[in-house]
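Structure first, then comments.
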Amino acid sequence: MVREIHAELLLGRQVVALDGKAVGRIEEIIAEPKGNLLAVSEYHIGSYALMERLSASRFGRALMDFFTAGKVGQGYRIPWNRLDLSDPERPKLLCPVDQLAKLKRG
């Protein structure tokens, strides 16, 4: 079953863990070409994901360096199949947070 959700409606949405606690907001959606379409492969959430998105520009990289001062911020990679989007306004993790890969400065 192919399901379409407008990506712009997911950006900024708070993701909750299995225990109902907030984990972070969706800041980036990573997609790969599949024929004529794009298929989501993972979501990046958390404060570091926001800084990662801003780092696409020279100004963003400078801001990231200033605010992180060499420290890795909080952020996670969520594989596409580990996020319940049955209610796109309230995305929920389908696994424990400790099973997610942390975002790292590369």
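The values are calculated or read from the model by the stated rules, or taken from the named source; none is laboratory data. The shown structure was predicted, so the numbers you read here are calculated from the model rather than taken from an experiment. Don't worry about glycine lacking a Cβ; one is built from the backbone with ideal geometry, like all the others, and counts go over all protein chains shown.
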Original post:
In segment 63-98, how many are polar (S, T, N, Q), at pLDDT 95 or above and surrounded by 12 or more Cβ atoms within 10 Å (Cβ to Cβ)?
Top reply: 0
**OP:** Can you work out which of the residues in segment 4-38 that are touching a residue at least 12 places away in the same chain (Cβ under 8 Å) and of a type in the set (D, E, K, R) is surrounded by the most Cβ atoms within 10 Å (Cβ to Cβ)?
**Re:** E27
**OP:** Among what's in segment 1-32 and is among the β-branched types (V, I, T) and not in a strand (DSSP E or B), pick the residue that is modelled with the lowest pLDDT.
**Re:** V2
